[in-house]
Amino acid sequence: MAKQKKSRQKKSQTRVDFTPMVDMMMLLITFFMLCTSLAKPQTMELSMPTNDKNLEDQDKSVTKASYTITIYVTADNQIHYVEGMPKYDDPTCLKKTTWGKDGIRKVLITHVTEDNTQPIQQVMLAKAKLDQKRHQNPKFTQQMYDDELRKIKAGEIDGNKIQTMTIIIKATDNASYLNVIDALDEMQICSVGKYVIDKITPDDLKLLEEAGVKE
């Protein structure tokens, strides 16, 4: 009797076709490109002190003292301010406050000038109306919004011209970079159109020292 040969089972080779995966990945990439809003770079508008010695006096910005607030950013996250121009022979003109809405922001918004006006509050109210107008009108483009906001910050409100505040920011050598950025953020929150980061002078340092402020 002849021996029967054992049948060998053929092993099937497993093959995965990844071609549809390529199509799926392309669809996913296209989906995220269309549905994801790309972040726009944020910039800060800064007005730096000029080094031009030939600048004529009449070309410089002249501001009433009551329309000026000087902010001192010092060590240990401290912030002080002077309403008006600093009186270097009077340390009591320097006042201490805190960061945030109940601190320096409140000082800026509630500041009353010699003309019994609150310029920063007026500008913020005008900006709020502009934001509402933009929200209600889909045809109000970003460029139109920026142009209107620029006018408001310059003091053009409802066809009238008002004098705006000038904020001077001075930081000591031991002040943190984060606190300087916090001060600039307050300018944006309060829609301050005219502010400057100025160098701190020996008179400023003397004023801080006499007021007992850690520099």
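The values are calculated or read from the model by the stated rules, or taken from the named source; none is laboratory data. This one's a predicted model, so the numbers in the text were calculated from it and none came from an experiment. Positions of Cβ are generated from backbone atoms using ideal geometry, with glycine treated the same way; all protein chains shown enter the neighbour counts.
Yes or no: the stretch 72-79 includes at least one residue that is in contact (Cβ under 8 Å) with a residue 40 or more places away in the chain, of a type in the set (A, V, I, L, M) and surrounded by fewer than 17 Cβ atoms within 10 Å (Cβ to Cβ).
Yes: the stretch 72-79 contains one or more residues that are in contact (Cβ under 8 Å) with a residue 40 or more places away in the chain, of a type in the set (A, V, I, L, M) and surrounded by fewer than 17 Cβ atoms within 10 Å (Cβ to Cβ).
In the stretch 129-168, how many are surrounded by fewer than 18 Cβ atoms within 10 Å (Cβ to Cβ), under 30 Å from Thr201 (Cβ atoms) and hydrophobic (A, V, I, L, M, F, W, C)?
Final tally of qualifying residues: 1.
Can you pull out every residue in the stretch 97-120 that is closer than 23 Å to Asn179 by Cα and without any contact (Cβ under 8 Å) to a residue 24 or more places away in the chain?
Thr97, Thr98, Gly100, Lys101, Asp102, Lys106, Thr110
Does the stretch 11-20 include one or more residues that are out of contact with any helix residue (DSSP H, G or I) (no Cβ under 6 Å at 6 or more places or on another chain), in a loop (DSSP other than H, G, I, E, B) and either within 23 Å of Ile167 (Cβ to Cβ) or at pLDDT 90 or above (or both)?
no
Pick from Asp115, Asp147: which is part of a helix (DSSP H, G or I) and over 27 Å from Val213 (Cα atoms)?
Asp147
So how many residues does the stretch 143-169 have that are among the basic types (Lys, Arg) and in contact with a helix residue (DSSP H, G or I) (Cβ under 6 Å, 6 or more places away or on another chain)?
The total comes to 0.
Arg134 is checked against (1) modelled with pLDDT under 90; (2) in contact with a strand residue (DSSP E or B) (Cβ under 6 Å, 6 or more places away or on another chain) and fails just one. What number does that condition carry?
(2)
Keeping to the stretch 169-213, report how many residues are in contact (Cβ under 8 Å) with a residue 24 or more places away in the chain, surrounded by fewer than 20 Cβ atoms within 10 Å (Cβ to Cβ) and of a type in the set (Asp, Glu).
Number of matching residues: 5.
Say we look at the stretch 173-215 and pick out the residues that are assigned to a helix (DSSP H, G or I) and of a type in the set (S, T, N, Q); which of these is modelled with the lowest pLDDT?
Gln188
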